[in-house]
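For reference, the structure discussed in these notes is given below.
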Amino acid sequence: MNEARPTRTEQDVRIDLAAAFRLAALAGWDDTVYTHLSATVPGEPGAYLINAFGLGFYEVSASGLVKVDLHGCVIDGSARPVNPSGFAIHGAVHAARPEVECVIHLHAPWGVALAMRPEGLLPTSQWAMRLYRRLGRHAYEGLALGADEQQRLVRNLGALDGLILENHGTLVVGRTVAEAFMLMHILERAAQAQLRALAAGGPVAVASDQLAERSYRQWVGDGSEWDGDVEWPALLRRLDRQSPGYAD
């Protein structure tokens, strides 16, 4: 963690998380009222922000986010509806990865298609190089997510940046909301590029392990700059034009 970074407030996280929901909607990553983005509440261990159940991503605002505990139970006194079963994945990941601010789990089109492919994400594009050896896999076990499967899921995630949830979708984590959003953007773009190339037929150029590893190291650099640091202000300016009200 970079100690020079300013301390985050709950309002900072609320605005960024609401923005991430709106940006996901603009990108076509939403699945009506399902899937979630969640974030920790600074200074309140065990408290998390999530969308109210029944809202579309395009409707989420900072003040409308609901505060829940690790089990998805509402703890802010608002009595707003949430989807506790939908938070099962998020709660397990947040408990296992306290350094993570944001967890994003989506059924985005290209991510779901990638989750059907046994080879997973290959180093076939520059986007994919950023996630080289940074994605785990979790086998599909049905709709329910019990305690045993939660343990398997967090074990498969380990200290990685995300998971391919087989036959299901994708999951990424980030030290900030901005980082998590950018990693999902990169993953969705990499999946789209790979699957389009495969659909075109013929051989697909796959980088060597050595080149992929070097590209990954070049991308992350010395760790002082995180994914999202540069991109996030521009994305917020886009929202100010196309989807105002997210910060309310």
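Look at (1) over 19 Å from the mean Cα position of the chain (by Cα); (2) surrounded by 17 or more Cβ atoms within 10 Å (Cβ to Cβ); (3) basic (Lys, Arg) and you find that Arg117 fails only one, number (2). Applying the set (1) modelled with pLDDT under 95; (2) under 25 Å from Gly146 (Cα atoms) to Glu3 leaves exactly one unmet item: (2).
Of the residues contained in the stretch 135-152, one or more are found to be surrounded by 14 or more Cβ atoms within 10 Å (Cβ to Cβ), small (Gly, Ala, Ser) and on the phi < 0 side of the Ramachandran plot. Among all residues of the stretch 51-64, there is at least one that is crowded, with 21+ Cβ neighbours inside 10 Å, closer than 29 Å to Arg237 by Cβ and of a type outside the set (A, V, I, L, M). For the condition under 19 Å from Gly174 (Cα atoms), surrounded by 15 or more Cβ atoms within 10 Å (Cβ to Cβ) and in contact with a strand residue (DSSP E or B) (Cβ under 7 Å, 6 or more places away or on another chain), Arg97 qualifies. Being crowded, with 22+ Cβ neighbours inside 10 Å, within 21 Å of His107 (Cβ to Cβ), of a type in the set (A, V, I, L, M, F, W, C) and within 25 Å of the chain's Cα centre (by Cα) is a property that holds for Ala190.
When residues of the stretch 157-179 are filtered for being under 18 Å from Phe87 (Cα atoms) and free of Cβ contacts under 8 Å to residues at least 40 places away in the same chain, how many remain?
Residues of the stretch 157-179 that are under 18 Å from Phe87 (Cα atoms), as a first pass: 157, 162-165, 168-174, 177.
This time we only want the ones that are free of Cβ contacts under 8 Å to residues at least 40 places away in the same chain, so: 162-163.
Total satisfying the criteria: 2.
The values are calculated or read from the model by the stated rules, or taken from the named source; none is laboratory data. As the structure is a prediction and not an experimental result, all values here were calculated from the model. Glycine also receives a Cβ, built like all others from the backbone with ideal geometry; neighbour counts cover every protein chain displayed.
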